[in-house]
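*Asks:* Below is the structure I would like to discuss, written out as structure tokens.
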Amino acid sequence: MISRRAPNAARGRRYIMPGRGTRSRAAAVSLRSMTSSDGDSNDDDDDDDDEKERRRGGGRGSLLFLSPSNWPEPDASAAGTRTMALLRHFSSHCPPLFDSVHFGCGAGGGMPSSSSSSSSSIFWHRIRPNRADEMHELLNRINDDHGPIRAVVFDRFHAEEAYSFRVRDTCPNALLVLDMQDVHSLRLGRQQVVEEMDDDPTSVAMMTDRLASAVAEFDPSSPNRDARDAFLRELASVHRSDLVLVCSAPEMGMLVSWGVPAWKLVLAPFFCSDVDVDVDRTGTTMSLPPFGGRRDFAFVGGFRHPPNVDSVRVLRREVWPLIRSRMPRARVRVFGAYPTPDILSLHDEDVGFLVRGRVDDLDDALRRSRVLLAPLRFGAGIKGKIVDAWRCDCPVVTTRVGAEGTTTTTTTTTKTAIDDDGGDDLGARTTIADNCRWGGIIADDAVDFAKAAVELHEREDLWNRCRDNGTGSLRRIFNGRVNLPVVERGIRDGIADLAKQRTMDIFGSILWRDARRSTEYFSRWIELKETLNGAKDK
């Protein structure tokens, strides 16, 4: 197990620890003296008293995030952006809810640098899953060096399955928080629906209203589906947890309909900064390029995420030829981390399809683009690419699935009329503009999607309206100044009411009985298997 401790941060009680699992009182006092503005010994005495109280369990304690496989990568995925926003909030918020914030992960490389300005007040630990000794060592060391662990956040249900029983054994009074990111089984089942319809010999197109309706109607709780196993595992993880962070209002409604107590759920979408939601459009401080200062289309999505891989293929094969038939000089730039050779092979300058891969400054790329294209056929949760586009004043064309969670009303798709000669109906443009109360246009059929993209790219009045709608959605739905305190309050209240909540949570208690803890024994079996295999190799 490897830990990387952050350097001394702005708050006076986070120190560089000499040695492993130990704390030098003299070093701590010395460091406090160096950072004190006046060197007053009374201040040192007060700090020592605070330290003793914290070590006895009277302080604010520690917050630990756990993931078996993913370090937060804000430049590579929307989930990484959201997780990092939570880490930054709890590590820098004043007054602090916790004395220290930690992130433990089982991934090999990719540990964030403690010297990074975005993570300098966070403690990073590499810890392999299914290793009891490493897990208990980490938990005990955090308890000893930083105060008792008050809450543990599991990054998706796989993390809860791998770690929760060990956390509960070592830290029985810690609040167990599941951060769902999205409903994994919903995304998995929708992907299955798409793949089945693609295999249907009667299917004539990749992107149709019929497919979109089938995806929208899918219920992961339905029997005879491969996604049902994932659904039951995910729902069991929800019930075992004391608190659940849910990314979108539609998914929160689904969980309640599946019998999850509403008091256990906290809505935790994206957390946009004040700069993002309070842009000065008069051009005095934070002016973003207007319609005339932008050009071309953009596509955004990390290519380790199956919905993005499918989406860029649909764009290249079915939607982009329709757009180019109307705009022969149109170009689209495809941005996204971890492009595979298959994705890179889609690049074709002759047709204006430019695969750029990972970009150092996505915001700059979106500020230069006029329209974001997101022809998503399946997925779940809130799509970070849409929030990113709106932050950069870039309207979006997407599908119903793509727009989920980004509107306060039920989304409707745009249908453009065709006249008798095969062209656009004279009233079609008005229909698109009149129906647009979202930060872009929603269309599920490839033909409608392409027409909407051209309209939004070419019509300044429509573009301005959609841009303003997107900014309004940022303020209403994704305002970090509003959303982060909601999450903080949920965790604070959960810690305070933990004993009472666990008494009320009958179903969760049932799942914690030994006879039902299959995930624990599966994890122990993996540990034993790996240990025995390691012994054979020696």
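Laboratory data are not the source of any read-out in this text; all were calculated from the coordinates shown. Given the structure is predicted, the values throughout are model-derived calculations rather than measurements. Glycine gets a Cβ as well: all are built from the backbone with ideal geometry, and neighbour counts include every protein chain shown.
*Asks:* At a 10 angstrom cut-off on C-beta neighbours, averaged per residue, how do the peptides 447-457, 256-266, 165-175, 191-201 rank from highest to lowest?
*Replies:* 447-457, 165-175, 256-266, 191-201
*Asks:* Rank the residues 81, 340 as a footprinting-exposure proxy: fewest other Cβ atoms within 10 Å of their Cβ go first.
*Replies:* 340, 81
*Asks:* Another question, if that's okay. Mind ranking 211-223, 230-242 by how tightly packed they are, going by the mean number of other C-beta atoms within 10 angstrom, highest first?
*Replies:* Packing proxy ranking, top to bottom: 230-242, 211-223.
*Asks:* Something else: Can you list, bin by bin at 5 Å, the percent of alpha carbon pairs in segment 114-207, starting at 0?
*Replies:* Answer for segment 114-207: a P(r) of 2, 11, 15, 16, 14, 10, 7, 6, 6, 6, 4, 2, 0 percent.
*Asks:* Which of the peptides 503-510, 389-396, 329-336 is most tightly packed, and how do the rest follow, judged by the mean count of other Cβ atoms within 10 Å per residue?
*Replies:* Those peptides, ordered most packed to least, come out 389-396, 329-336, 503-510.
*Asks:* Given the pairs 264/383; 500/529; 383/529; 264/385, which span a C-alpha to C-alpha distance of over 32 angstrom in this model?
*Replies:* In this structure, 500/529; 383/529 exceed 32 Å between Cα atoms.
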